[in-house]
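What follows is a set of notes on a single structure, which appears directly below.
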Amino acid sequence: MTENILEIRDLVKHYPVTRGVVFKKTIGQVKAVDGVSFELKAGETLGLVGESGCGKSTLARVLMNLEKPTAGSVVYKGQDISRLTGAALRRLRRQIQLVMQDPYTSLNPRMTVGDLIGEPFEIHPEVAPKGSRQGKVKELLDLVGLNPEHINRYPHQFSGGQRQRIGIARALALRPEIIVCDEPVSALDVSIQAQVMNLLEKLQNEFGLSYVFIAHDLSVVRHLSDRVAVMYLGKIVEIGTEDEIYERPTHPYTQALLSAVPVPDPTLRSSKAIIRLTGDVPSPISPPSGCRFRTRCWKAQDVCAEQVPALEIRDGSDHPSACHFAEKREIVATHEA
């Protein structure tokens, strides 16, 4: 059994809501992440899906220690990294890297590609002696499918897909063990998305990388993920293997998401039942009591407002789900990796 390389336990991240300009008064909290737990195994890809505003990117920033959690822990190889500061935190940066969503704004337009990819070596000089850095940058460019001779070009001279490859090369520079991918293909054309996804898969096989892959496109997540976690309003509502989530979902929210995925085969399309959710996503400042999905759920009963459903395996299920009335639902195939 592969060991856990990262363990998230009861992670909470709240942001204060204030009123006033000079004398600010806290009048509430945005509960962006509210009690999230999961594990990431070495060499595994964990997909994280959900609607915009559910807390996915906040979770990514906390995993990277770009923001400190309100409560809970982020444990990397037995060490709670959320408490690290100074030199200890800088050493950790070598092991966990980030690929950002927008390749147009994540690269400094005033720096050449060589300087962008080589910048991690300036911060961590022990990784590459000064005389060998240009050679290593060229190796990284070649590794991600770019021409090493373009080392002196600027970001505006590359397409969106090429810029994202530059971002991936920069993340690989320090040879990390974990890469957090925060919607890395959502800003790219569909044909380019496939190329970047294939590149990420190739790099994972070559270097034994572990990915936390965040996206809102269910088809993209399925292509790369070993396990999938579904988030709704700051909580994980279902987690399981790729087959368990896509073929045998048990949480109503997961079932609704999958029912909305387009089916290319017209013979299957007519037999697919669409689940249409009513209402809007509640505010994370004042989420509903009990189950947060109950205000949009067709299965909701009194107990859903009174008790928070635990994320656990229930009768008739083979993977954890946070629903009092979880049950399997067969989903028409929507994607083949």
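What follows draws every value from the coordinates through simple rules; no lab data is involved. On a predicted model such as this, the values are computed, not experimentally measured, just so you know. Positions of Cβ are generated from backbone atoms using ideal geometry, with glycine treated the same way; all protein chains shown enter the neighbour counts.
Annotations
- Dipole axis of the chain (+1 Lys, Arg; -1 Asp, Glu on Cβ), positive-most option in Ile285, Pro320, Val144: Ile285
- Sum of side-chain charges, His324 neighbourhood, beta-carbon under 12 Å (Lys, Arg +1; Asp, Glu -1): -2
- Relative contact order (percent, whole number), the chain, Cα cutoff 8 Å, 6+ residue spacing: 19
- Spin-label proximity, Leu66 to segment 106-129 - amide N less than 13 Å from point 7 Å beyond Cα toward beta carbon: 106-107
- The chain - convex hull of the alpha-carbon atoms, volume per residue in Å³: 167
- Helix 190-207 vs. the chain, principal-axis angle (Cα, 0 to 90°, nearest 10): 70
- Charge-dipole axis of the chain as Lys and Arg at +1 and Asp and Glu at -1 on Cβ define it, positive-most pick from Ile179, His124, Val190: His124
- In degrees, nearest ten, helix 160-172 long axis to first principal axis of the chain (Cα): 80
- Other residues lying with their Cβ under 14 Å from the Cβ of Tyr104 contribute a combined charge of -1, Lys and Arg counting +1, Asp and Glu -1.
- Between segment 286-326 and segment 141-170, the Cα center-to-center distance that results, in Å: 46
- A crude spin-label estimate for the pair Asp10 and Thr26, with each label 7 Å from Cα along the Cβ direction, gives 1.9 nm.
- Other residues whose C-beta falls under 9 angstrom from the C-beta of His216 contribute a net charge of -2, scoring Lys and Arg +1 and Asp and Glu -1.
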